[in-house]
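The values are calculated or read from the model by the stated rules, or taken from the named source; none is laboratory data. A quick note: this is a predicted structure, and the numbers were derived from the prediction, not measured. Cβ: placed from backbone, ideal geometry, glycine included. Neighbour counts: every protein chain shown.
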Amino acid sequence: MTGTAVRERPAAGTTESGRVPAPRRVGRYTMALPSRPPVAAVATVSGPMEGRGPLGHGIDHVHQDRTLGQPSWELAESRLLVDAAQRCCRKAGLELDQVDVLLAGDLLNQIISSSFAARDLDLPYVGLFGACSTFALAVGLAAVLVDGGYAATALAAVSSHHDSAERQFRYPVEFGAQRPPTAQWTATGAAAVLVGGPARKARVRITHVTLGRVVDMGIKDPYNMGGAMAWVAADTIRRHFQDTGRDFGDYDLVATGDLAAVGHPMAAELLREAGYEPGDRFADCGLLLYDRRRQDVHAGGSGCACSGIVFGAGFYPDLYEGRLRRLLLVSTGSLHNKMTWEQGQSIPTVAHAVAFEHAGEEASP
């Protein structure tokens, strides 16, 4: 259903602040990519729980041992990222040394899973942290680099692991702490997207990237990340619509990163208050990765790999085959750590959006 929001748009040729934008800027927050960089390949790997979920059939490889034979959860997570990156390059028909840059991130201190993986992959490396928004951030920046001519191929990759995240952000799983109904289950897995490369067979392209701003609604409960992130998800979607002149009617689907059962309906209501009607075109990766009726994930999924796996195992095949013609993926991130919430600080949040389009088999933009 097409939204009917009343938009306060800046004067032509200016941003909200009155500055003249760069040629590829659309409004204040969005970058339009004239070359429409192609998605060459996508790969996903996961742990056993994700493999038993509704999208398990679409995951490239499900590891039945969530330690991957490693001595720690953290090293297992790093191996997941390496696995996804290597599979992605193989699917694209490229060797690793043909990749110009790796953009990767995870949830752990100093993004160690990504850095250890980059050590093994031996690629030029940009480490990113946006919490669970990192997937859209990495893919969006990879597309910007390719569109600008700074890379012919850019590999965006993310990882998360339930047990490493619990140990860092809350309580080690061995502690057996009681989880409230608002808690979400951090996905164990990794996703990699190769942007660029030969475009003649590209059937999915990236057209816009909207970078979100940090928003803090004063929520201090680390078990209520969906509620903390709902406002920023709606904010980024609204700003993308304002910048581009689009609304829900211009997309087959708008999907948030992992607001889950608590945050997703809140975001929908906030968008209605802003004048947009999401209707049945509004989904959430945290509600799609698991079957909450059969799997004990409480409010739903989360983690860097959540939106990555849902995109790779669910949305991308639909885009590739044309069942989805246009998708706006809005990954959301809760930018806290264990120390900040133990000190009573509230939770800053951010959301980044990437617009994907089905392009058929034609290479021309």
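When segment 147-159 is limited to residues that are touching an Asp or Glu at 6+ places or on another chain (Cβ under 8 Å) and of a type in the set (A, V, I, L, M, F, W, C), the one that is surrounded by the fewest Cβ atoms within 10 Å (Cβ to Cβ) turns out to be Ala152.
The number of residues in segment 314-364 that are free of Cβ contacts under 8 Å to residues at least 24 places away in the same chain and under 29 Å from Pro222 (Cα atoms) comes to 4.
Considering each of Val126, Val144, Val139 in turn, give the residue that is surrounded by fewer than 24 Cβ atoms within 10 Å (Cβ to Cβ), modelled with pLDDT of 95 or more, of a type in the set (A, V, I, L, M) and not in a strand (DSSP E or B).
Val144
Residues in segment 243-285 that are more than 26 Å from Gly322 (Cβ to Cβ) and of a type in the set (Gly, Ala, Ser): Ala260, Ala261, Gly263, Ala267, Ala268, Ala274, Gly275.
With the condition kept exactly as written, say whether any residue in segment 200-207 is over 27 Å from Leu102 (Cβ atoms), outside the structural domain of Leu108 (by TED's automatic domain parsing) and not in a loop (DSSP other than H, G, I, E, B).
no
When segment 107-118 is filtered for residues that are touching a Ser or Thr at 6+ places or on another chain (Cβ under 9 Å) and either surrounded by fewer than 22 Cβ atoms within 10 Å (Cβ to Cβ) or assigned to a loop (DSSP other than H, G, I, E, B) (or both), the ones remaining, listed by number, are Leu107, Leu108, Ile111, Ile112, Ser115, Phe116.
Filtering segment 195-213 to residues that are at negative phi and at pLDDT 95 or above leaves Val195, Val204, Arg205, Ile206, Thr207, His208, Val209, Thr210, Leu211, Gly212, Arg213. Among the residues that make up segment 85-106, is at least one of them farther than 27 Å from Ala202 by Cα and part of a loop (DSSP other than H, G, I, E, B)? Yes, there is a match, as at least one residue in segment 85-106 is farther than 27 Å from Ala202 by Cα and part of a loop (DSSP other than H, G, I, E, B).
Annotation note: of Ala85, Ala40, Ala22, the sole residue that is at negative phi, of a type outside the set (D, E, K, R) and at pLDDT below 95 is Ala22. As a summary of the residue check, Ser159 satisfies the conditions (1) under 26 Å from Val330 (Cβ atoms); (2) among the polar types (S, T, N, Q); (3) free of Cβ contacts under 8 Å to residues at least 12 places away in the same chain except for the one numbered (3).
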